[in-house]
Amino acid sequence: MNKDPQPPQWATAFLRWYCRPRLLEDLEGDLYEYFVRNVSRKGLRYARLVYWLDVIKFLRPYTIRKIEPLTFLTHFMMIGSYFKTSRRNLVRNKLFSFINVVGLAVSMSVGLLVISIVNDLRSYDDFHEKKDRIFRVLTHHQNDGQAPTDLASSSIRTAQRLAGDVPGVENFTILRNGFSGDAKVGQNTFPLEGTWADQSFFKVFTFPLLAGDPATALQAPYSLVLTEKTAERLFGSTQVLGQTVRFDTLEYQITGIARDIPHLSHIHFDALLSFASADATMGKKQDGFYNWDNVWSNYTYITLSKNGSTAGVQRALNQISKEENKALLHKKVTLSLQPLKDIALGRKLSNNMGPRMEPVTLWILGGLAFVIILSACFNYTNLSVARSLRRSREVGVRKIIGARRSHVLGQFMTEAVLISFLALVFSFGLYLLLRREFLALDPHIPEIFTLDLSVRSVLSFIALAVITGFVAGFLPAVFFSKINALSAMKDASGLRIFKHIGLRRVLIVAQYTLSLVFIATTLVGYSQYKGFLNFDLGFTTENILNIKLNGTDAATLKKELSEIPGVTQIAHSSMVSSLGSMYGFDVKYRPSNASPGDSALVWVNTVDENYLPIHQHKLISGSNFTLRPEKGKESEVIVNQQVLKRFNIGGRDPQKALGHVLSVDGRDLTIIGVMKDFHYGTVENKIEPVMFRYSKSEPWGYLNLQMASTDLESTMAKIESAWKQFDKVHPLKANFYDDQIENAYSQFSMMVKVIGFLAFLAICIASLGLFGMVVFTTETKLKEISIRKVLGASEPGLIYLLCRGFIALLAVAALIALPATYLLFDKVLLTRFAYHQPIGIPEMLAGALIVMLLALVMIGSQTARAARSNPAKVLKSE
């Protein structure tokens, strides 16, 4: 036996397949000599890699063998024979064909949905002409002693520095979010949301203008570009170039009409306002508007020059950061680049603009779809190998009359692909149903996805069918192709992949392990979701209605609402806590005149004197805010325990902390109260330093109504009627706090629903496969059962004899799946949540019991039917 290193067999087989016979011997000999030489000089791994590359390198027109008409015709006829035989086998074995087609169709429909999701995400921003050269500038903001915050936004100063000669940058543009106001056109008023953009916006992005000059449309202050849809809403026409729109006391001139924004764009706007307008209105009024560390509301994009490199631009950004950070104390700001195509399908960033999905989420969805499809492929393999006795004789006859191994492989792979294409037809109908239900799963999903059919989608669907067919048919094809003619009449069903372990048993255990993992994940996930909704936030949300003001005068509306029966008390706040939205300031604490002061990011909510009583925040020391004149100077602040810990105020003693002064937004505020820690963010985040500032009236915020009504529908109607008296333009936006908490975890709820649906599919597919195996097993053991009955065996004993093997396999699956699910949650999934519920044993076991009962019913019904068979009828031909 030759033990010398040999070239890769697959590479040699490929060479022999494509190379002309007259060149093959010399070429193969030369490549072998090079292989032996490389083994001695570079090692076996390197030699095999080079051998593969050489085989591919010689795939050239002069080396490719000519296609002989007779050979081509023979292959064509052989393929026709494969399809004819496959069709006959499908018709002959109706039950097994039905199981395979249904299983593959159900699983492939999930695959089609995932393909559509991926295609949508990869199609975002495809319409921009310079899409491959557009990058967004990201900011990494870090205070001393705190973890860095990654932001999609950047400072205006960043854009100003890019205006210099930065090598590799062809163009740059800056956007600013947050414009919202009432557009007045004649006697009509319309709510409008827009984005500030500078004059280079249309040089970077491809948003075509129907009217106006892209080069100058956003150049002058108080210039306005509307989309077609917005122009129609405001004026009833798109022919409005040169007309004006009033916002408060300012008039903006329409300088352009843009085509409606494509759905798959991460930038969406109703209107673009020239950035020079923001300069004129806010730049001179807001302190720190142009500061390097004011990174919260602006977005900077660059277009890389054709010969530019991201590495060169990144070096320039690093140098800019180094220079600008010299002026900062206790913090630093650094910059990096993000390709445009990575925005929609990219990592999690604060202040992100537009829809986004993390790659890990997509990998999880793809992995789940793959597992479901693999489970259906297991069914095909199991049932194919189970019928090995019948099919092996067919293979034997084929080989006796001259069929080669490749012919047998071709036959079984063709059969698998044909079944896969049949499944594709049915799966497409299921996909249309899934698509509709998926888009209706959450109100935000249609904003992100369209899931429209495209040429790319159709080609991907066909590719999925082919790949699924190959995966499903690979093991059966290899298995049957190895059978030789002499052993063809023997039972070949004893194939082993490990010693003493049958292939069918391994596949059944794998299927049910996956099914149990799915269902246990669903139950544990649902338990965690309910735990998040009922989590003790440190304050009450029950019977509290939050009304968004949209600029309406808070004091006047508050007075009107307080007279409605069922509204017991009203508070005012700038935001709603525990929903994921976070707003903060860099706060300084100066313990003595000699100290420069420590600085840290503290989250803020601006409230009035009624906020703490309504939400039942617990004061550990000090007192609540007191009613002050509307124009009284702000001087007080209430903090939580984490603020004391962060700055070590009063030795962290709540009583001693009273009277200490914090510098907030340029104001010195005295601590008058310390409240118990509560969840300002979601339960994903740890409890952090939070402060409450005082405001009697703030136009952009919320009214928090405490409700005590027995007729809620009537009370809500009165609230809406009162709202319309003050604001006829904006609709009432009122939500109960508990509903908002539930909506904050809607993504988690959606994942639980998706995994639960996949668990249902996995169980159905596994049960179909198990049903087929039970039917086949009982059919093949009918004679054995009849003989045992003749010899005196009882029906319960026969049922136990037939069931015990399957029950043992299900028990093994449970022993693998349950610990795996526990570790998945404990070590991976729940680690991102700072606070979560303990994993309960009932949720873990409930899924296993459900699957076990379902399998036992299915197994028991078929085995009982076989056990009750009449021995005389079965053995009459023996």
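Computed from the coordinates by the stated procedures, all read-outs in this text should not be read as laboratory data. Predicted model, so just to flag it, every value in this text is computed and none were measured. When we count neighbours, we look across all protein chains shown, and the Cβ atoms used for this are built from the backbone with ideal geometry, even at glycine.
Just a few scattered comments:
- Gained length - SER714 relative to TRP10, 0.36 nm times residue gap less alpha-carbon distance: 245.7 nm
- For the chain, the share of alpha carbon pairs falling in successive 10 Å distance bins from zero is 2, 9, 14, 18, 18, 14, 11, 8, 5, 1, 0 percent.
- C-alpha long axis of helix 746-780 to longest principal axis of the chain, angle in °: 10
- Taking Lys and Arg as +1 and Asp and Glu as -1, the other residues whose beta-carbon sits under 14 Å from that of PRO446 total -3.
- Sorting CYS377, CYS764, CYS19 from the fewest to the most surrounding beta carbons within 10 angstrom yields CYS764, CYS19, CYS377.
- Taking Cα atoms only, the orientation of helix 310-324 departs from the longest principal axis of the chain by about 30 degrees.
- Mean separation of Cα contacts under 8 Å (6+ apart) over length of the chain, as relative contact order %: 13
- For segment 622-679 versus segment 696-752, the gap between their alpha-carbon centres in whole angstrom: 29
- Percentage relative contact order, segment 9-57, counting C-alpha pairs under 8 Å, at least six apart: 40
- Near TYR124: Cβ cut-off under 11 Å, other residues only, Lys/Arg at +1 and Asp/Glu at -1. The net charge is 0.
- One Cα centroid belongs to segment 205-273, the other to segment 10-43; the line between them spans 66 Å.
- Mean projection area, nm², convex hull over Cα of segment 167-215: 4.9
- The lysines within cross-link reach of LYS322, meaning a Cα-to-Cα straight distance under 24 Å and a gap of 8 or more places when in the same chain, are LYS331, LYS332, LYS588.
- Once the Cβ-Cβ distance of ASP182 and ASP442 is raised to the sixth power relative to R0 = 25 Å, the FRET efficiency obtained is 0.25.
- Computed over segment 9-57, the convex hull of the alpha-carbon atoms projects to a mean area of 3.1 nm².
- Radius, Kirkwood style, for segment 726-878 when every pair of distinct Cα atoms is counted (Å): 19.9
- For segment 132-208, the Kirkwood estimate of the hydrodynamic radius, built from every pair of different alpha carbons, is 15.5 Å.
- Straight-line reach from LYS530: taking Cα to Cα under 12 Å and skipping same-chain neighbours fewer than 8 places apart, the aspartates and glutamates in range are GLU742.
- The alpha-carbon atoms of segment 410-487 define a convex hull whose volume equals 104 cubic angstrom per residue.
- A cut-off under 10 angstrom between Cβ atoms defines the neighbours of VAL39, and their net charge, with Lys, Arg +1 and Asp, Glu -1, is +4.
- Put simply, the amide H of MET675, placed in the peptide plane, has neighbours under 5 Å in ILE620, VAL639, ASN640, GLN641, leaving out anything fewer than 5 places away on its chain.
- Fully extending the segment from GLN725 to GLU542, taken as 0.36 nm per residue of separation minus the present Cα-Cα distance, adds 63.1 nm.
- Simple label model, 7 Å out from Cα along Cβ direction - ILE364 to LEU27, nm: 5.0
- Per-residue Karplus couplings for segment 335-340, computed as 6.51 cos²θ - 1.76 cosθ + 1.60 with θ equal to phi - 60°, are listed in order as 10, 8, 10, 10, x, 4 Hz, Gly and Pro entered as x.
- Dividing the mean sequence gap of close Cα pairs (under 8 Å, 6+ apart) by how many residues segment 107-186 holds gives a relative contact order of 15 percent.
- Values of log10 I(q)/I(0) for segment 567-707 across q = 0.17, 0.19 Å⁻¹ run -0.93, -1.17, by the Debye formula with one identical scatterer at each alpha carbon and no solvent.
- Förster radius 60 Å - calculated FRET efficiency between ASP738 and LEU49 (Cβ-Cβ, nearest 0.05): 0.45
- Protection proxy ranking for 519-525, 141-147, using the average of other Cβ atoms within 10 Å per residue and placing the highest first: 519-525, 141-147.
- Per-q log10 I(q)/I(0), segment 766-834, q = 0.22 Å⁻¹ (Debye; single scatterer per alpha-carbon; no solvent): -0.97
- Diffusion coefficient, µm² s⁻¹, Stokes-Einstein with Kirkwood Rh over alpha-carbon pairs of segment 519-590 at 20 °C and 1.002 mPa s: 132
- Pairwise centroid distance, computed over Cα atoms, of segment 753-805 with segment 811-878, Å: 14
- Estimated D of segment 232-315 in µm² per second, where Rh is the Kirkwood radius over Cα pairs and Stokes-Einstein applies at 4 °C, 1.567 mPa s: 77
- P(r) histogram, all alpha-carbon pairs of segment 131-342 included - 10 Å bins from 0, percent: 8, 33, 33, 19, 7, 1
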